[in-house]
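Taking it in order: structure first as structure tokens, then the write-up.
The values are calculated or read from the model by the stated rules, or taken from the named source; none is laboratory data. Everything numeric in this text was worked out from a predicted model, so none of it was measured. Don't worry about glycine lacking a Cβ; one is built from the backbone with ideal geometry, like all the others, and counts go over all protein chains shown.
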Amino acid sequence: MGRKAVVMTAVAGLIYSLAIDGVYTYLSDYLRNYIGLSVRNVGLLIAFAMAGRVAGAIVIGWVAVRIGNVRGAWIAIALTSLGCAAIGCAGDLRIIVAGAFIFVLAYGCYSTVYSAIAMDLSEPRILASMFAIFMLFVNMGASIGQAVRGMIVTRIGFQKMVLVMGAINLINVLLIRGSKYAVPALKNK
């Protein structure tokens, strides 16, 4: 567990989860309270967007087998930033919905690729325990993220919070790069 790649990947899980989990909790409120959509329409839009999470997991699973998990992580980071930018800068509902779809596409990608990298790094003799520890960092990020996002939304609003989360997401560029070079097995994955 003390290897550089393991520590950096665990922290990357915390960061991705902090940046990405729960934004949709606030997206629903934003669409209802500021855009004025009905609860029914918000539910339909969120369901459509969440279909992107399933699509992201399926697509990145297929793609990562061909290009590697680390390159798949780059895709997840890029999609998250793109989705955050679209949601955070948009004034038009269609762009917000497109950004939300891209964002959850990234969510599916992130979840799948992070799990694959965590499995690659887990010691075979204690695979389940080590993988659970990696997932612990994801859960910690989600918990911290909920509190942090609530404070940010209260102070600067939803759209700026999404932009902040997109910026936090970029920390993973350094962490994934560090873990890529720390373990020879990840160089080509």
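Is it true that Ser111 is at pLDDT below 85 and crowded, with 19+ Cβ neighbours inside 10 Å? Quick ask: steps written out before the conclusion?
Values: at pLDDT below 85: no; crowded, with 19+ Cβ neighbours inside 10 Å: yes.
No; evaluated as a whole, the condition is false for this residue.
Matching residues to (1) surrounded by fewer than 21 Cβ atoms within 10 Å (Cβ to Cβ); (2) modelled with pLDDT of 90 or more; (3) within 11 Å of the chain's Cα centre (by Cα); (4) of a type in the set (A, V, I, L, M):
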| site | (1), (2), (3), (4) |
| --- | --- |
| Ala64 | no, no, no, yes |
| Ile67 | yes, no, no, yes |
| Arg71 | yes, no, no, no |
| Cys84 | no, yes, yes, no |
| Gly99 | no, no, no, no |
| Val104 | no, no, yes, yes |
| Ala116 | yes, no, no, yes |
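Somewhere in the stretch 117-133, is a residue under 20 Å from Arg53 (Cα atoms), in a helix (DSSP H, G or I) and among the polar types (S, T, N, Q)? First the steps, then the outcome.
The first filter runs over the stretch 117-133 and keeps only residues under 20 Å from Arg53 (Cα atoms), leaving 117-118.
If we keep only those that are in a helix (DSSP H, G or I) as well, we get 117-118.
Narrowing further to those that are among the polar types (S, T, N, Q): none.
Looking through the stretch 117-133, none of the residues is under 20 Å from Arg53 (Cα atoms), in a helix (DSSP H, G or I) and among the polar types (S, T, N, Q).
Any chance the stretch 3-14 includes a residue that's touching a Lys or Arg at 6+ places or on another chain (Cβ under 7 Å) and not small (Gly, Ala, Ser)? Lay out the reasoning, then the answer.
Start the filter on the stretch 3-14 by keeping residues that are touching a Lys or Arg at 6+ places or on another chain (Cβ under 7 Å), which leaves none.
Within the stretch 3-14, not a single residue is touching a Lys or Arg at 6+ places or on another chain (Cβ under 7 Å) and not small (Gly, Ala, Ser).
Go through the stretch 93-121 and report how many residues are over 18 Å from Thr9 (Cβ atoms) and of a type in the set (Val, Ile, Thr).
Total meeting the criteria: 5.
Given the structure, is Gly150 modelled with pLDDT under 90 and closer than 24 Å to Cys89 by Cβ?
yes
Among the numbered conditions (1) loosely packed, with under 14 Cβ neighbours inside 10 Å; (2) within 15 Å of the chain's Cα centre (by Cα); (3) among the charged types (D, E, K, R), tell me where Arg53 comes up short.
Arg53 satisfies every listed condition except (1).
Could you list, ordered by first residue, the pairs with Cβ atoms under 6 Å in which the first is in the stretch 28-53 and among the hydrophobic types (A, V, I, L, M, F, W, C) and the second is in a loop (DSSP other than H, G, I, E, B), at least 6 apart or interchain?
From residues that are among the hydrophobic types (A, V, I, L, M, F, W, C), the pairs are Leu31/Leu37.
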